[in-house]
Amino acid sequence: MDDVLRKAVKSGEQKSLHAMDVYEAVTSRRAVRGFTNQPVPVEVLERIVSAATWAPSGSNIQPWHIYVVTGARLAELKRLAGARVAAGDPWDEREYEMYPRELKSPYRERKSAFGAQRYGALGIARGDLEARQRAASANWAFFGAPAGLFCYIHRDMGPPQWADVGMYLQTVMLLLRAEGLHSCPQMAWSVYRKTVAQLLSPPDGLILFCGMSIGYEDTTVVHPRTPRAPLAETVTFAA
Ligand SMILES: Cc1cc2nc3c(=O)[nH]c(=O)nc-3n(C[C@H](O)[C@H](O)[C@H](O)COP(=O)(O)O)c2cc1C
């Protein structure tokens, strides 16, 4: 990984051939859950993580720890995670809660609308938890993607640094769009964090926040656009 980052810094100022308008990058990014097996060139990934180092963070502490995974390492990770899924292994104990235990309105309604849309699009009935779980298990195959990224943060860090990490990840996802690539950020990987650690040996003290599938979209997989709340629900203009 150090080598990858060193090279990336060297090639840092190179620009993508697919430079894209920022609005187009933002609006065309969505969680893609079906990828082709077309490999992603490592130089492209290097260029992206190199540019993403310019993401902002409070006092510039850059609290993200990133692993870019491809090739044999990715294949092995998919194999091990797939074996755990197939064996019905219990999830690793949580290092952070994905959502508040009691998700209040309007977040609760938004979350269930998302679930209904995501699984409804796959023809899965609302109450069919087993089918939902089967569909969700594609997370641990990176939805077929040929590249993945893992994002760790030190366990001492607080909410502002977790927000920094979010900005970093969005920066990566927008740069991926500029390269003609798509992504899916995945907290799902946090429940198999021990398997990820087995492959990556991160230093002590880091929490696995999420993984990310990276690749070229499989356009045969139908992706209904996940809608957003009306602007007035989330933004107040005060003049
Ligand atoms: C931090 C984070 C973690 C996520 N984890 C998962 C995940 O584990 N699996 C998944 O399929 N989608 C995951 N998503 C994708 C969200 O479901 C998706 O971003 C949201 O529903 C909005 O849809 P859109 O990104 O397609 O616009 C995650 C998104 C974020 C930002």
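Here are some notes:
- Condition met for Gly211 (modelled with pLDDT of 95 or more and either touching a helix residue (DSSP H, G or I) at 6+ places or on another chain (Cβ under 9 Å) or away from the ligand (no atom under 12 Å from the Cβ) (or both)): yes
- Among the residues of segment 202-239, those that are open to solvent by 40 Å² or more (accessible area, probe 1.4 Å) and farther than 26 Å from Arg118 by Cα comprise Pro203, Asp204, Thr236, Phe237, Ala238, Ala239.
- Number of the condition not met by Tyr119 [criteria: (1) within 12 Å of the ligand (Cβ to nearest atom); (2) outside any helix (DSSP H, G or I); (3) open to solvent by less than 50 Å² (accessible area, probe 1.4 Å)]: (2)
- When the residues of segment 76-118 are filtered to those that are aromatic (Phe, Trp, Tyr) and within 19 Å of the chain's Cα centre (by Cα), the one that is nearest to Gly158 (Cα to Cα) is Tyr96.
A quick yes/no check of all residues on (1) open to solvent by less than 20 Å² (accessible area, probe 1.4 Å); (2) farther than 17 Å from Arg84 by Cβ; (3) modelled with pLDDT under 95; (4) over 11 Å from the mean Cα position of the chain (by Cα):
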site	(1), (2), (3), (4)
Pro159	no, yes, no, yes
Leu169	yes, yes, no, no
Met173	yes, yes, no, no
Pro185	no, yes, no, no
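- Residues that are open to solvent by less than 30 Å² (accessible area, probe 1.4 Å) and away from the ligand (no atom under 16 Å from the Cβ) were ranked within segment 49-62; the one that is farthest from Phe142 (Cα to Cα) is Ser57.
- Across segment 10-48, the number of residues qualifying as modelled with pLDDT under 95, open to solvent by 40 Å² or more (accessible area, probe 1.4 Å) and polar (S, T, N, Q) comes to 1.
- Residue in segment 107-114 that is small (Gly, Ala, Ser), out of contact with any Cys (no Cβ under 7 Å at 6 or more places or on another chain) and either open to solvent by 50 Å² or more (accessible area, probe 1.4 Å) or outside any helix (DSSP H, G or I) (or both) present: yes
- Residues that are exposed (fewer than 13 other Cβ atoms within 10 Å of the Cβ) and of a type in the set (Ser, Thr, Tyr) do occur in segment 189-201.
- The single condition among (1) within 9 Å of the ligand (Cβ to nearest atom); (2) of a type outside the set (Asp, Glu); (3) in contact (Cβ under 8 Å) with a residue 60 or more places away in the chain; (4) more than 18 Å from Thr70 (Cβ to Cβ) that Ala188 does not satisfy is (3).
- Among the residues of segment 196-233, none is identified as over 14 Å from Gly148 (Cα atoms), part of a helix (DSSP H, G or I) and in contact with a Lys or Arg (Cβ under 8 Å, 6 or more places away or on another chain).
- Cβ-Cβ contacts under 9 Å between residues 6 or more apart (or on different chains), taken from a first residue in segment 21-41 that is within 13 Å of Leu181 (Cβ to Cβ) to a second residue that is among the β-branched types (Val, Ile, Thr) and within 10 Å of the ligand (Cβ to nearest atom), are listed as Arg30/Thr226.
- Positions within segment 72-93 being open to solvent by 50 Å² or more (accessible area, probe 1.4 Å) and part of a helix (DSSP H, G or I), in sequence order: Ala72, Arg73, Ala75, Glu76, Lys78, Arg79, Ala83, Ala86, Ala87
- Residue within segment 124-133 that is open to solvent by 40 Å² or more (accessible area, probe 1.4 Å) and acidic (Asp, Glu) present: yes
The values are calculated or read from the model by the stated rules, or taken from the named source; none is laboratory data. These figures come from a predicted structure and were not determined experimentally. Here Cβ is always computed from backbone atoms with ideal geometry, including for glycine, and neighbour counts include all displayed protein chains. When the accessible area is computed, the model is the full protein with side chains, heavy atoms only, and any ligands, DNA or RNA have been set aside. Shrake-Rupley method; radii C 1.70, N 1.55, O 1.52, S 1.80 Å.
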